[in-house]
Amino acid sequence: MELRVNGEEPNKFHLNQFSRTLISWHKNNGRHNLPWQKEISPYKVWISEVMLQQTQVKTVLPYFKKFVEKYPNIKALSNAKLDDILILWTGLGYYRRAENLYKTSQILKEKYRYKFPELYEDIISLPGIGRSTAGAILSLAYNKKYPILDGNVKRVIKRYFAIRSSKEDEKNLWYISESLLPNKNNNIYTQSIMDLGSLVCLKNSPTCYACPIKKNCMSNKLNLTNVIPAKNIKVNKKKTLKLYLIIIQNFKNKKLVLMKKNNNNGIWANLWNLPSFEKKTEYKKFIKNNNLDSNIKKYDNIKHNLTHLSLDIDILKIELCKIRDFDNYSWKNIYDNIGLSKPVVMIINKLKKEIDK
Ligand code: SF4
């Protein structure tokens, strides 16, 4: 297949220059101290790349450190329970990623004897690993010639070649990304293009004056950096009302709240949750069936945005004076380490502050 960009064959000399320039730029300008770059291993690259899917580096840093402290290698991770991994993931979002890490760790234990595979076909077949993550692991950890196409790299390529059309298909971008690969130092090259995207070729206001490839960058030449890549059409998030209920034991030990573990479906699969309701009728039924109609107080309201949803959560609180059981629910100490969604973390933190006063 012949490489064509905007219907034309790109200048071969510029293509070869691209990786060479970025590799030499990276020496003094790239990132060298990220925790997954120290004593680099396929395991660390895998964990970091999964955490970095849809999440920024600065958010990932503390999570990554805690994670590898607790699970320093594949063997340690494969002995962990999913619940323990979810605890470390609490607040990072996109919890399916944690579940996929768990599933992959079991495959690495059983099929690969705790060794991370080196072949693309084996890596891509692991849960939660797509083509770009596989490419990152192969290039960063094994120094193999594989392309990546995460959001940052996509932006650099689109701007460098002035690919305006948002219809420019993914297949073509992959082909361009592959064509830009050097014959050696693929580990440095991959890190350098990722760094260029996150440090220089920024989404808003790229700092082109400091860019090593500005001379041949078509968007820079044609003054198109503000229009490439084309802005995503804003999707109106579906507003969803929810009602959470804090049922707390005001008897001997005030630190117990009623919780239920979510089933294996949905964005917060397998995390612990407060009694929660989408319909008033469900809430009323729960209150009636459990004789809870007195002492219900308004506690708080939380707005929480997810990719396609905007949650508006009303929170009510009931303090119980007697210990009692609820079908399908458990009493959890608010200081216990358990996997929780972000809104529940916010509620529990507020409760802790009040109790610790
Ligand atoms: S010159 Fe500007 S637009 Fe082009 S790659 Fe560099 S930072 Fe991005």
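The values are calculated or read from the model by the stated rules, or taken from the named source; none is laboratory data. Just so it is clear, the model here is predicted, and its values are computed rather than measured. Using ideal geometry, Cβ is built from the backbone for each residue, glycine included, and neighbour counts are taken over all protein chains shown.
When we screen 137, 157 for residues that are modelled with pLDDT of 95 or more, within 16 Å of the ligand (Cβ to nearest atom) and crowded, with 24+ Cβ neighbours inside 10 Å, the only hit is 157. When the stretch 210-225 is filtered for residues that are farther than 17 Å from residue 28 by Cβ and within 6 Å of the ligand (Cβ to nearest atom), the ones remaining, listed by number, are 217, 219, 220, 225. Taken over the stretch 119-167, residues that are hydrophobic (A, V, I, L, M, F, W, C) and in a helix (DSSP H, G or I) amount to 11.
Within the stretch 246-297, restricting attention to residues that are among the aromatic types (Phe, Trp, Tyr) and farther than 22 Å from residue 94 by Cβ, the residue that is modelled with the lowest pLDDT is 251. It is to be established whether one or more residues within the stretch 235-250 are without any contact (Cβ under 8 Å) to a residue 12 or more places away in the chain and either touching a strand residue (DSSP E or B) at 6+ places or on another chain (Cβ under 8 Å) or farther than 30 Å from residue 334 by Cβ (or both). The answer is yes; a qualifying residue exists. Do we have residue 204 as at pLDDT below 95, surrounded by fewer than 20 Cβ atoms within 10 Å (Cβ to Cβ) and either not assigned by TED's automatic domain parsing to the domain that holds residue 41 or not in a loop (DSSP other than H, G, I, E, B) (or both) here? No. The test for being more than 30 Å from residue 116 (Cβ to Cβ) and within 16 Å of the ligand (Cβ to nearest atom) holds for residue 163.
For the stretch 253-294, a tally of residues being of a type in the set (D, E, K, R), over 28 Å from residue 96 (Cα atoms) and touching a residue at least 40 places away in the same chain (Cβ under 8 Å) returns 2.
Return yes or no: is residue 146 crowded, with 17+ Cβ neighbours inside 10 Å and either within 16 Å of the ligand (Cβ to nearest atom) or closer than 30 Å to residue 273 by Cα (or both)? No.
Condition check for residue 228 on (1) outside the structural domain of residue 46 (by TED's automatic domain parsing); (2) more than 9 Å from the ligand (Cβ to nearest atom): one failure, at (2). Scanning the stretch 184-200 for residues that are closer than 17 Å to residue 143 by Cα and among the hydrophobic types (A, V, I, L, M, F, W, C), which turns out surrounded by the most Cβ atoms within 10 Å (Cβ to Cβ)? Only one residue tops the list, namely 193. For the stretch 186-209, filtered to residues that are of a type outside the set (Val, Ile, Thr) and without any contact (Cβ under 8 Å) to a residue 40 or more places away in the chain, the residue that is nearest to the ligand (Cβ to nearest atom) is 208.
Looking across 127, 117, one residue alone is touching a residue at least 12 places away in the same chain (Cβ under 8 Å) and either touching a strand residue (DSSP E or B) at 6+ places or on another chain (Cβ under 7 Å) or not assigned by TED's automatic domain parsing to the domain that holds residue 266 (or both). It is 127. Is it the case that the stretch 176-183 has a residue that's within 16 Å of the ligand (Cβ to nearest atom), outside any helix (DSSP H, G or I) and in the same structural domain as residue 42 (by TED's automatic domain parsing)? Yes, some residue in the stretch 176-183 is within 16 Å of the ligand (Cβ to nearest atom), outside any helix (DSSP H, G or I) and in the same structural domain as residue 42 (by TED's automatic domain parsing).
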